[in-house]
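The values are calculated or read from the model by the stated rules, or taken from the named source; none is laboratory data. Being a predicted model, the structure only gives us computed values, none of them experimental. Cβ atoms come from the backbone with ideal geometry, glycine included; neighbour counts cover every protein chain shown.
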Amino acid sequence: MASEKAEQIAASLISKRYLHKSTLKDLFIDNDLMEEVSTRLKAVGLEIATHVYTDYVSVRTLRECEQEVFNPDGKSYTASNLSLSKGAIALLVVIWAKIIMPKRQMQRERVSPAEEGQNHLFAESKPIPKERDMVAIDEKTLYADFAEKLGGKTKLGAYLSELARADLISRKNKQIFEGPLLDTIIDYPILAERIMNGALENILKTKGNENSPEGIPVDGDEGEADV
């Protein structure tokens with residue numbers, strides 16, 4: 001029975017790309033089930049991608065398989081398997097920095113958007129806020145700030161559509177919110193450090209460099225697994 005459940009979970013993660021943690025409660029309380037799911041994913045070069053700050057579980061390529069998957073000929077490194085254009089990758093970094101970095105700060109301080117700016121005693125005892133609408137970007141502001149850098153309004157609109165189709169963002173009422181995968185598959189510590197060191201400006205200049213392995217770290221590993 002456990003073997004059948006592990007097979008179903010592994011198949012669902014691969015076919016659907018992500019699942020909400022609420023549908024996988026057994027996975028996080030049953031070590032044997034987690035081990036069996038991990039074994040099945042490893043057999044096809046994948047592993048579970050999730051962390052304490054996201055409500056979703058996805059899969060990512062094993063480190064030891066990345067070279068063969070993303071750079072099989074040793075010449076042209078693919079930043080991810082999402083088939084994003086260079087411009088969409090550059091915009092992804094911008095949106096990630098504007099949504100996930102401030103969101104993570106609020107999560108670490110256990111502050112919800114409604115409570116921001118207030119003093120909080122015993123913050124560590126509060127649950128981590130995980131609402132997907134914690135931080136939003138106004139589309140009009142994004143166009144004003146980055147349309148020219150990314151080739152114009154038409155191209156920026158196309159890049160937004162790419163990111164929405166990949167479940168990295170969602171759009172509603174001229175606002176941009178994180179999608180299920182934005183905070184699940186991108187490695188926060190690595191990308192945040194690169195942004196702090198000026199990588200965002202360089203990426204915008206080149207509209208993302210798909211020939212460099214120093215692209216977006218699509219991982220989702222915060223060093224903290226589970227729920």
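Across region 146-164, what is the number of residues that are over 14 Å from the mean Cα position of the chain (by Cα) and not in a loop (DSSP other than H, G, I, E, B)?
If we filter region 146-164 for residues that are over 14 Å from the mean Cα position of the chain (by Cα), which is where we start, we get 146-162.
Adding the requirement that they be not in a loop (DSSP other than H, G, I, E, B) leaves 146, 153-162.
Going through region 146-164 one residue at a time, the tally reaches 11.
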Checklist entry - Applying the selection to region 14-51, what residues are among the aliphatic types (A, V, I, L, M), closer than 13 Å to residue 185 by Cα and touching a residue at least 40 places away in the same chain (Cβ under 8 Å)? => result 48, 49
Checklist entry - What strands (runs of 3 or more DSSP E) lie completely within region 1-103 and have 1 or more residues being among the basic types (Lys, Arg)? => result 56-61
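For region 106-118, state whether one or more residues are at pLDDT 90 or above and either in contact with a Cys (Cβ under 8 Å, 6 or more places away or on another chain) or assigned to a helix (DSSP H, G or I) (or both).
Residues of region 106-118 at pLDDT 90 or above: none.
No, there is no match, as no residue in region 106-118 is at pLDDT 90 or above and either in contact with a Cys (Cβ under 8 Å, 6 or more places away or on another chain) or assigned to a helix (DSSP H, G or I) (or both).
Evaluate region 145-163: report whether one residue or more is farther than 30 Å from residue 29 by Cβ and at pLDDT below 65. Working first, answer last.
So in region 145-163, the residues farther than 30 Å from residue 29 by Cβ come out as 145-163.
When the remaining residues are screened for being at pLDDT below 65, the result is none.
No, there is no match, as no residue in region 145-163 is farther than 30 Å from residue 29 by Cβ and at pLDDT below 65.
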Checklist outcome for this item: residue 156: passes all of (1) buried (at least 20 other Cβ atoms within 10 Å of the Cβ); (2) under 23 Å from residue 60 (Cα atoms) but (2)
